Every structure is written in C-alpha cells, then in structure tokens.
Amino acid sequence: MSLYFTKEHEWIQVEGDIATVGITDFAQGQLGDIVFVEVPSAGTQVSQGGDAAVVESVKAASDVYAPVSGEVVEGNAALEADPSLVNTAPEGEGWFFKLKLSDEGQLEGLMNADEYKAFVDSQ
Amino acid sequence: MSDTGEKTLPLDAWHRAKGARMVPFAGYQMPIQYEGIMAEHKWTRESAGLFDVSHMGQLVITGPNLDKALESVLPADLGLLKDGRLRYSLLLTEDGAIIDDLMVTRRGDHFYLVVNGATKDGDIAHLERMLPGLVIDHMKEQALLALQGQKAVDALSRVAPGVEELTFMTGGMFEIDGVPAWISRSGYTGEDGFEISVQAKDVEKVADLLASQPEVKPIGLGARDSLRLEAGLPLYGHDLDTTTTPVEADLTFALSKRRREEGGFPGWHRIASELQNGTITKRVGLAVEGRQPVREGAMVVDGEGNEVGRVTSGGFSPTLEAAIAMAYVPLASAQEGTAITLAQRGKIFQARVVPMPFVPHKYHRKGAGK
C-alpha cells in the first residue's frame, strides 16, 4: 500500500491496481463546511487531470480532478447523505472514489507525504 | 495579504487575534469566518453573534427643510418617521433603478443613514449632488457592530441596561462601560438583535466586552451572507443594482403610500407605471431540489432552454439543510408554487417559488410581548 499526493490537494492510496482518491485535510480546511459532493459512478472512465467529482462548500464550488487515469469502480455513496465526512475524516471515511489504474506509471509524477507537506508549507 | 490595497477595519488586529480568516470585501480586509461558517450561522440563530460591519457608511445629514429635502431623494414618508425610529429606504436613479439600499433614522434634529460599504462613496457624491443645501457628514471615525440572535438582548442589556426596552426598528443613545453608543434594534439576519455605533477609538473595548459575554461569539461575513439569505434580505450588488427597480426587486414596502401617490422622488414615473402595470421580471425566493447549491449567476431557463431570468444569490441553508436561492423570474412564473428550471455549469436543477423569508423572522416588534 502506498500513499501519494497531488498539487491539487488530493490523496491517492494504492493497493494493487486499485487507487482510492480523496482530498487532503489541508484542502477541506481551505474549503470550509462541505455541503454537497458529487462523485463519479462505477464504470466512469476518468483521465488524469480531467473532471472527476464536484465538491461544494458553503462558500464555493470546486472541481476535483482525476489524479490518475482509470475506470471508476466505486463512488463513496456515504457522501451523498453526509458530505461533512469530508470535513471530519478527509483522509478516511470521506474518500471520494476508487478507480482501477490504467497507467501505473502516472503515479511516478506524484508527491509522497513528506513532499506534500513541504508543498503545503510553501503555499 | 494586507498589501493588496484594501483598507483595514478598526478591529483588524482583533479579528486576526480571534483566528479570523481575512478576505477582501467592499474595499476592506474583512473576516469571512472564525471557526467555520456553518457553526457561526447556527450559533447566531441559537445564541448571539457579534458582527463587525464598520465597512458600512454612517452618514449624518443636517440642514434646512430637512424632511422635504431628504424626501426628494428617498421614496420614504419621513412624516411618519418619529424620533428614534428607523426604516429601510432606497437611493434611486431618475430611471427608478436602485443606487443603494439603506437605513434612515430620525435622530432629533438630523437624520442618520447607514449605507453599504462598497457603494458609500458613490452614495455620498449622489447625495451631495442632489442635496446641495444640506450637510452630508460621513462619520469616518465611527465603527459599527451588530449583535444578532435570540440571546443578543440578554448579552447586551447586561452591559447596556435599557436596550431591552427598544422594539424593532427603534434606537437610542446608551452607554456601554462608559462608551457612548447609538444602539438600534435592527439587523440583517432575521433574528432579534441590535446595531451598535461607537467611535472607532472605543470599538475594541466594546467588542471585547461583548465577546466576553457567554452568549456571544464573533461571526464572519460568510455566515452574515447565509443568515441574510435565509431571512430573504437582498444584498446590494447581487440582488439589487442599477439594473433593478424596487418593483422588480419586490421592495414595494419601501415605497410609502403617500410617496407612491404624490411622487417627488427620482424614478417615480417609472415606478408608478410599474406599480400599475407590473414588471417583466420579479425577485422571488426559490427552494431548490436537493442539497447542491445553485449560486449567483445561474440561469433561469424556460422549456426550450432559453434564459429568462437569473439567480442573484444562492446557497446552502444551514437551518433548512437544503439549497435556497433568490432569482429574478418572469412575472408569470413568480407565483408561489410555480416550478422553475435552473441551469448552472451545464447542469439542470428543479426549483419552485416559495415565500420569503425562508426562515421566519424573529424581530422584537412593539406589542408582540416577550
């Protein structure tokens, strides 16, 4: 199991060829109270850098981009009923979707936890 | 972030010390939130929230034939406005469009106006041009706080005894720990509450004293916006501007009966015609299906997908836990219960026209008991 991060403040947890994607604690703190999340349904093809999900806080709407390409195998249905899970457990129960990686090589360009922390500190 | 050209509020350091996230608004660095918009919104509804609205313009107007002169720029019947009373009014163009919305208070020999922060300089220029015989004093050294919520009266009467006697839309001079304060029972949240005008040099002392009351927490602009939206109160620059008239904006309560009939204020001809013949569009409240906010700028569309109106404010209501909005819709679709279709970023939303306020007002009206 490995954990990766993007400059768009997403985390990607990889087990085998399945990646679980969510937004980081830093990102949820910046967004504030999350009131709505739209996640992709199983079977959706997403490509790296393309739209994958929508997250809306009280203040604003934000797009969540696919950090890597693949086929969505599950969207987190729990977020529909309780979007505040993204605030309370952004890197746990508040995950957005799982996808089957189509190009594991794309993981090479992502940050590890230390690199991401340094990136956030520089913001 | 303070090097972006915005002015700072007298309480700037106080907000930062309280953990506020500061953002540019109306030309000032202002606190958008402290602990979080949702928590601050709910705290205000359930207890009492302290807002710094010192960016707003506070004006004192004096001069000869004052009532008549001021009536030449406002559609209000000032003859009905007794001493120490305030009412909502509007500055209008010759075409009847809204330059700003404001509160006007009769205070003895003068009128005290509170106008929006983003528009205050233009308002003052307009008033000086329209009323050359009057003195318009912009009280730049005056700060303005609002204490809002059902427990505001408990907190404020502890430090300013007597304010509990005020009823909605009345005000008077009080002292808060030795600081002279003009306090009115009014606000922008739909809750019972007060607005408190003190000299900028004293505002930190007053804010500290109020924030130390157990009922009170500081509240940012984010919750101020969601609270006023739930209360159905329009925000200038969003729901009102120089392309809207009071009739379109459903603010006809601000047009006093005598003034509608007699005229004598800017835009009367168009407004009288609209009162009689109706308008093409009207501001209404919308209950949007689902939780996803439909925000300012979203389109109101007809059955063919043509734009026939626009959402001017919208968001998630923390009280109702649902999406609500204000929009201008065709007059034929403005009746309560009418189904409205909205389009935002390529997605269609269903809504229906509902009466405003979305959340009932809890004003402390005269004769209402409690």
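General remarks:
- Approximate shape of chain B as ellipsoid semi-axes (Cα gyration tensor, √5λ), whole Å, largest first: 31, 27, 19
- With contacts taken as Cα pairs under 8 Å at a separation of at least 6 residues, region B:72-228 carries a relative contact order of 17 percent.
- Distance distribution note for region B:1-160: the fraction of Cα pairs above 25 angstrom is 42%.
- Chain B: most fluctuating residue of B:L320, B:L102, B:L233 per GNM, C-alpha cutoff 10 Å: B:L320
- With one equal scatterer per alpha carbon and no solvent term, the Debye-computed log10 I(q)/I(0) for region B:212-370 at 0.11, 0.12, 0.17, 0.20 1/Å reads -0.51, -0.59, -1.03, -1.26.
- For B:V301, solvent-accessible area (1.4 Å; no DNA, RNA or ligand), Å²: 20 Å²
- Residues listed by number, region B:186-217, amide nitrogen under 18 Å from B:T8 label point at 7 Å toward C-beta: B:200-205, B:207-208
- Peptide B:311-319, shielding by other chains (average Cβ, 10 Å cutoff): 2
- Note on region B:162-212: dipole from Cβ charges, positive end direction compared against B:Q199, B:G187, B:L166; the farthest Cα belongs to B:Q199.
- Amide proton proximity set for B:D100, modelled H, under 5 Å, gap of 5+: B:L91
- Over every Cα atom in chain A, the radius of gyration and the widest Cα-Cα span, Dmax, amount to 13.3, 37 Å.
- Here region A:26-47 is scanned for amide nitrogen atoms under 18 Å from the site 7 Å beyond the Cα of A:K100 along Cα-to-Cβ, giving A:40-47.
- Using R0 = 41 Å, the C-beta based FRET efficiency linking B:R260 and A:A60 works out to 0.55.
- A protection proxy built from the mean count of other Cβ atoms within 10 Å ranks the segments B:46-52, B:340-346, most packed first, as B:46-52, B:340-346.
- For the protein assembly as shown, taking Cα atoms only, Rg and Dmax work out to 25.2, 84 Å respectively.
- Loop trypsin sites (Lys or Arg not before Pro), region B:86-161 (other Cβ atoms within 10 Å of the site Cβ: 12 or fewer; DSSP): B:K140
- The gain in end-to-end length when the B:D177 to B:T242 segment is fully stretched comes to 19.2 nm, 0.36 nm per residue minus the alpha carbon separation.
- Rounded to 0.05, the FRET efficiency of the A:Q45 and B:L320 pair, given R0 = 45 Å and the Cβ-Cβ distance, is 0.75.
- 18 Å cut-off, amide nitrogen to a point 7 angstrom out along B:D302 Cα→Cβ, residues in region B:324-350: B:328-335, B:338-343
- Shape call, region B:68-145: gyration tensor on alpha carbons, a/c limit 1.5: rounded
- Computed about its Cα centre, the charge dipole of region B:188-308 is approximately 320 debye, with only Lys, Arg, Asp and Glu carrying charge at their Cβ.
- Taking 1.306 mPa s as the viscosity and 10 °C as the temperature, the Stokes-Einstein diffusion coefficient of region B:187-258 based on its alpha-carbon Kirkwood radius rounds to 106 µm²/s.
- Between B:S273, B:S226, B:S256, the residue with the greatest mean-square fluctuation in the GNM of chain B (Cα pairs under 10 Å linked by springs) is B:S273.
- With helices as the sole contributors, chain B gives -5500 deg cm²/dmol at 222 nm; each DSSP H run of n ≥ 4 counts as -39500 (n - 2.57), and the sum is divided by every residue.
- The mean count of C-beta atoms from other chains within 10 Å of the C-beta of residues in A:54-64, rounded to a whole number, is 5.
- Sites A:K7 and B:M139, calculated FRET efficiency, Cβ-Cβ separation with R0 35 Å, nearest 0.05: 0.15
- Comparing B:M30, B:F316, B:I61 along the charge dipole axis of chain B, the residue lying farthest to the positive side is B:F316, per the Cβ-charge model.
- Peptide-level mean, for B:27-40, of C-beta atoms on other protein chains within 10 Å: 2
- Largest to smallest in accessible area, the residues B:T44, B:T8, B:T281 fall in the order B:T8, B:T281, B:T44 (1.4 Å probe, all protein chains included).
The values are calculated or read from the model by the stated rules, or taken from the named source; none is laboratory data. Predicted model, so just to flag it, every value in this text is computed and none were measured. Cβ: placed from backbone, ideal geometry, glycine included. Neighbour counts: every protein chain shown. Calculation scope for accessible area: heavy atoms of the full protein, side chains included, ligands and nucleic acids excluded. Shrake-Rupley method; radii C 1.70, N 1.55, O 1.52, S 1.80 Å.
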